1. Please verify whether segment 7-23 includes one or more residues that are part of a helix (DSSP H, G or I), at pLDDT below 90 and of a type in the set (Asp, Glu).
2. Could you run through segment 29-44 and say how many residues are basic (Lys, Arg) and either over 14 Å from LYS59 (Cβ atoms) or part of a loop (DSSP other than H, G, I, E, B) (or both)?
3. Which one is modelled with the highest pLDDT, of the residues in segment 45-70 that are assigned to a loop (DSSP other than H, G, I, E, B) and polar (S, T, N, Q)?
4. Go through (1) at negative phi; (2) modelled with pLDDT under 90 for LYS27 and report which single condition fails.
5. Go through segment 24-40 and give me each residue that's farther than 17 Å from PHE51 by Cβ and small (Gly, Ala, Ser).
Amino acid sequence: MSEWNYTSCAKPFSTLEEAINYMCEKKYDGQILRRADGSFSAVCPTYPQGFYPDAIFIKDLNCSETADCS
């Protein structure tokens, strides 16, 4: 999961489906957040709560343990 270190533990997406698919394809664990601008962020498990004050929690994902994390 070294990619999380390089991207500061968050990656932006236009849709929820894109965020989930990315996490599943990479077999990453983490959370999906909805941002105030309507975009979504996939964040790593060590994401600090409140880092994005505009973010709303959408979903926890455990994609490292299963291929189906939808």
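The values are calculated or read from the model by the stated rules, or taken from the named source; none is laboratory data. Computed from a predicted model, the values in this text were never measured in an experiment. Cβ atoms come from the backbone with ideal geometry, glycine included; neighbour counts cover every protein chain shown.
1. Scanning segment 7-23 turns up no residue that is part of a helix (DSSP H, G or I), at pLDDT below 90 and of a type in the set (Asp, Glu).
2. The total comes to 1.
3. Quick first cut of segment 45-70, residues assigned to a loop (DSSP other than H, G, I, E, B) only: 45-55, 63-70.
Then keep just the ones that are polar (S, T, N, Q); that gives 46, 49, 64, 66, 70.
Numbers: THR46: 78, GLN49: 74, SER64: 84, THR66: 67, SER70: 56.
Looking at residues that are assigned to a loop (DSSP other than H, G, I, E, B) and polar (S, T, N, Q), I get SER64.
4. Only one criterion in (1) at negative phi; (2) modelled with pLDDT under 90 is unmet by LYS27, namely (1).
5. Matches in segment 24-40: GLY38 only.
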